[in-house]
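The values are calculated or read from the model by the stated rules, or taken from the named source; none is laboratory data. Fair warning: this is a prediction, and the values are worked out from it, not measured in the lab. Note: ideal-geometry Cβ built from the backbone for every residue, glycine included; neighbour counts use all protein chains shown. Just the protein is used for accessible areas: all its heavy atoms, side chains included, with ligands, DNA and RNA removed. Shrake-Rupley method; radii C 1.70, N 1.55, O 1.52, S 1.80 Å.
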Amino acid sequence: MMKHTIKRIVLDAAQKAFENGALVSEQIPEMEIEEPRHQAHGDFSTNFAMVSAAVQKMAPRKIAEILVSLIETGSLIEKVEIAGPGFINFFLSNKAWYPVIDQIFEQDKRYGASDIGKNEKVQVEFVSANPTGPLHVGHGRGAAVGDSVGNILCFAGFDVQKEYYINDSGRQIRTLGTSVWVRLLQKSGKEVEFPEDCYKGDYIIDLASEIHEKEGDKFIQKDEDEAIAYCAKFAAKKILKGIKEDLSDFGITFDQWFSEQSLYDAGRVQKAIDDFKTKDLIYKEDGALWFRAQDFGDEKNRVVVRNNGLTTYFASDIAYHMEKYERGFDRVIDVWGADHHGYIKRIDASVVASGRKSEQFEVILVQLVNLLRGGKPFQMSKRAGDFVTLKNIVDEVGKDAARFMFLSRSYDSGLDFDLELAKQKNSDNPVYYVQYVHARITGILLKAKQENIIQDIDFNKGKNIHLLNAVEEINLIKILNAFKENVEKSAQTLHPHVIFTYLMSLASAFHSYYNKHKVITDDQEQTLARLSLVLGVKKVIRNALTLLGVTAPERM
RNA sequence: GCGCCUGUAGCUCAGCUGGAUAGAGCAACGGACUUCUAAUCCGUAGGUCGCAGGUUCGAAUCCUGCCAGGCGUACCA
């Protein structure tokens with residue numbers, strides 16, 4: 001919001017300059033107010049003079065001089081300088097920053113929230129793993145990203161719904177049933193070879209044991225199809241329950257669990273195909289029905305109904321995405337693993353074909369997780385069945401460390417996740433660095449309460465803010481002020497690691513301040529000012545951690 | 001072959017809707033605990049931003065072409 005004020009000042013000065021004839025054109029080209037990297041360049045800087053050079057037919061530095069002469073310095077702006085090729089640098093007075101603290105106290109849990117979303121209805125769909133096995137590390141990263149993106153969009157003023165799509169229909173469920181059934185037969189003492197294309201994990205054997213305990217050997221006599229159907233239903237239900245528990249332990253809840261089967265039951269898949277047929281977007285070839293995806297930018301046309309009469313996964317996905325927009329979402333965001341990237345264009349094609357804009361469909365492609373233990377790679381092969389589950393990870397390193405690690409860098413890059421490192425309770429592990437700030441501040445506030453300096457460790461109004469004059473204090477306030485911009489940037493780019501980076505810089509500034517200045521001193525008035533500042537820091541740390549789904553502990 | 005992602009300090013990565021001297025953590029080296037939690041801080045050292053062109057007053061950032069790595073390229077899900 002500070003940026004806004006500066007922009008206003010620049011625009012006013014430009015207008016004045018035009019009115020008194022110093023500038024020849026009233027045109028204002030696209031200009032930036034930015035925060036310079038170096039302190040020597042002030043708190044804010046604008047490239048106005050440079051971008052205006054062409055329009056004004058004047059040297060940038062000359063334009064800068066005209067503007068600077070019209071900008072009043074005084075209470076808020078300490079000084080204005082011209083630098084380099086024509087940057088105008090603004091140096092703010094300490095006083096200009098104090099309102100930030102008041103805002104934190106006033107807005108508390110809403111501090112940093114934005115309204116850029118304008119209540120737009122957005123759906124974020126993530127994880128959506130097949131209920132054929134437990135969630136693994138890759139799902140964990142997708143879950144952390146999807147959940148945080150949802151939180152951040154919500155905080156930025158979007159109307160967000162989080163959804164999990166359950167692929168409870170189709171061949172993989174039948175394969176699951178077969179897998180369990182074969183294990184069940186083996187359990188009953190039958191010599192049956194385990195099929196190559198079945199799920200090999202130990203959890204299949206566990207499921208078979210459960211059925212065996214409940215039902216005994218009764219399935220050996222039963223009709224194969226009937227038995228497999230029973231096993232499939234039993235296993236899928238059980239596995240889905242496990243998935244829900246694992247996600248819940250990971251701090252994730254969904255607004256809706258959407259069943260693929262329900263699309264078939266409601267006739268929506270057929271309806272989608274019929275709809276495309278009437279638009280002449282479907283044709284028959286080699287006994288199969290094809291969607292003209294190529295007409296909408298895909299590399300080739302895609303099958304929706306196979307020559308055996310069965311619909312493809314793509315067919316139900318078309319119906320599913322149509323359904324999303326019919327539910328009223330303006331924007332649909334899917335979080336997928338990078339190995340599905342070839343699928344984007346085809347869904348996009350179907351979305352456009354059904355009358356929506358391409359911009360209304362976005363995919364967050366999360367690159368793969370490379371699991372390590374003490375620097376050595378871990379094998380994760382679903383085929384062999386010896387993969388590391390999300391539950392393993394959460395049990396071993398904890399929810400907070402896992403989530404923070406998953407969000408520590410952009411999902412555009414592959415992630416090395418070292419279990420040994422995530423487990424360490426020291427500075428190698430960034431989650432402690434940040435949580436420690438929250439705990440440390442709580443410690444200070446508790447001490448202040450004990451000494452009767454404050455009534456309660458949480459209070460709702462800053463005191464003696466004007467006494468905050470140390471460089472480190474002003475610096476901290478500046479970072480606190482930047483929280484909202486970071487939320488907005490994170491929401492606009494759909495990148496939660498922006499919040500991670502922000503947290504690290506705030507934590508660093510706080511630890512630095514803590515080591516240099518004592519909060520509680522003999523100077524009562526100053527102590528109150530500093531307590532207000534650190535409580536402000538505490539609130540912002542909490543707000544930011546909440547967006548990432550990480551807890552803010554009172555003590556560690 | 002084609003498509004998506006990546007290539008920045010010894011390692012892991014920020015910075016990428018163009019801005020002024022490219023940042024952080026780890027590792028290395030040297031310091032700071034009688035103090036509100038040393039799970040911390042301060043300092044030193046470390047870089048042809050994969051390579052080559054182009055656009056621009058200005059390029060790690062945008063465009064083109066190479067090179068390297070990961071992933072994908074089904075009438076599977």
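Loop-located trypsin sites (Lys or Arg not before Pro) across region A:25-122 with a Cβ neighbour count of 14 or fewer within 10 Å are A:R37, A:K57, A:K118, with loop assigned by DSSP. Over all projection directions, the Cα-based convex hull of region A:477-531 averages an area of 4.1 nm².
When you restrict to C-alpha pairs under 8 Å that are six or more residues apart and normalise by the size of chain A, the relative contact order lands at 15 percent. Remark: region A:2-92 projects, on average over all directions, an area of 5.2 nm² (convex hull of Cα atoms).
Taking amide H as placed 1.01 Å from N in the peptide plane, A:V304 has its amide H under 5 Å from the amide H of A:L289, A:W290, A:F291, each at least 5 places away in sequence or on another chain.
Remark on A:S259: its backbone amide H falls under 5 Å from those of A:I166, a criterion applied only to residues 5 or more positions apart or on other chains, H modelled at 1.01 Å from N. Could you give log10 I(q)/I(0) at q = 0.11, 0.14 Å⁻¹ for region A:52-169, computed by the Debye formula over C-alpha point scatterers of equal weight, without solvent? After summing over all Cα pairs, the log10 values are -0.71, -0.82. Here the translational diffusion coefficient of region A:427-548 follows from Stokes-Einstein with Rh set to the Kirkwood radius across Cα pairs; for 25 °C and 0.890 mPa s it amounts to 165 µm²/s.
Kirkwood-type hydrodynamic radius, region A:253-396: 17.4 Å, calculated from all non-identical alpha-carbon pairs. Each label was represented as a point 7 Å from its Cα along the Cα-to-Cβ direction; for A:S209 and A:R327 these points are 3.7 nm apart.
Going by a ≥ b ≥ c, the root eigenvalues of the Cα gyration tensor, does region A:337-463 fall in the rounded group (a/c under 1.5), the prolate group (a/b larger than b/c) or the oblate group? Oblate, since a/c reaches 1.5 and b/c is not below a/b.
Helix A:202-215 and the long axis of chain A differ in direction by around 50°, with both axes built from C-alpha atoms.
Annotation note: GluC sites (Glu not before Pro) in region A:372-465 located in DSSP loop regions with a Cβ neighbour count of at most 13 within 10 Å are A:E451.
With N the number of residues in region A:448-514, Rg(Cα) / (2.2 N^0.38 Å) evaluates to 1.39. Summary value for region A:2-92: 28 percent relative contact order, contacts being C-alpha pairs under 8 angstrom separated by 6+ residues. Taking each residue as 0.36 nm, the span from A:L368 to A:S508 lengthens on full extension beyond its C-alpha to C-alpha distance by 47.5 nm. Across region A:265-281, rounded Karplus estimates of 3J(HN,Hα) from the backbone phi angles (6.51 cos²θ - 1.76 cosθ + 1.60, θ = phi - 60°) give 4, 8, x, 6, 5, 4, 4, 5, 5, 4, 4, 5, 4, 5, 8, 6, 9 Hz, Gly and Pro being marked x. Set the bar at 24 Å for Cα to Cα. Now go through A:K118/A:K461; A:K233/A:K271; A:K238/A:K345; A:K187/A:K222 and name every pair that lies beyond it. From A:K118/A:K461; A:K233/A:K271; A:K238/A:K345; A:K187/A:K222, over 24 Å: A:K118/A:K461; A:K233/A:K271; A:K238/A:K345. Taking 20 Å as the cut-off, the amide N atoms of region A:397-414 that come nearer than this to a point 7 Å along the Cα-to-beta-carbon line of A:D249 belong to A:397-407. When the GluC sites (Glu not before Pro) in region A:462-556 are filtered for DSSP coil states and for at most 16 other beta-carbon atoms within 10 Å of their beta-carbon, the remaining sites are A:E554. With θ taken as phi - 60° and the Karplus curve 6.51 cos²θ - 1.76 cosθ + 1.60 applied, the whole-hertz 3J(HN,Hα) list for region A:159-168 is 9, 9, 10, 9, 9, 10, 9, 9, 7, 9 Hz, x standing for glycine and proline.
The modelled label-to-label distance for the pair A:S413/A:E554, using points 7 Å beyond Cα in the direction of Cβ, is 3.7 nm. Note on region A:171-249: the C-alpha convex hull projects to 5.3 nm² when averaged across all orientations. Accessible area per residue was computed with a 1.4 Å probe on protein heavy atoms; A:I88 scores about 0 Å². Take chain A with all the other protein chains still there, run a 1.4 Å probe, and you get 47 Å² of accessible area per residue. Dividing the summed helix terms, -39500 (n - 2.57) for each DSSP H run of n ≥ 4, by the number of residues in chain A produces a 222 nm estimate of -16000 deg cm²/dmol to the nearest 500. Working value for chain A: equivalent-ellipsoid semi-axes of 54, 33, 18 Å, each the square root of 5 times a Cα gyration tensor eigenvalue, largest first. Phi-derived couplings, Karplus 6.51 cos²θ - 1.76 cosθ + 1.60 at θ = phi - 60°, listed residue by residue for region A:240-255: 4, 4, x, 4, 4, 5, 4, 5, 5, 5, 8, x, 10, 10, 10, 6 Hz, with x used for Gly and Pro. Between the Cα long axis of helix A:471-481 and the first principal axis of chain A there is an angle of about 50°, rounded to the nearest 10. Using a 1.4 Å probe over the heavy atoms of the protein chains, calculate the carbon and sulfur portion of the accessible area of chain A as a whole percent. Using a 1.4 Å probe with all protein chains present, chain A comes out at 48 percent carbon and sulfur. The modelled label-to-label distance for the pair A:R174/A:E78, using points 7 Å beyond Cα in the direction of Cβ, is 7.4 nm.
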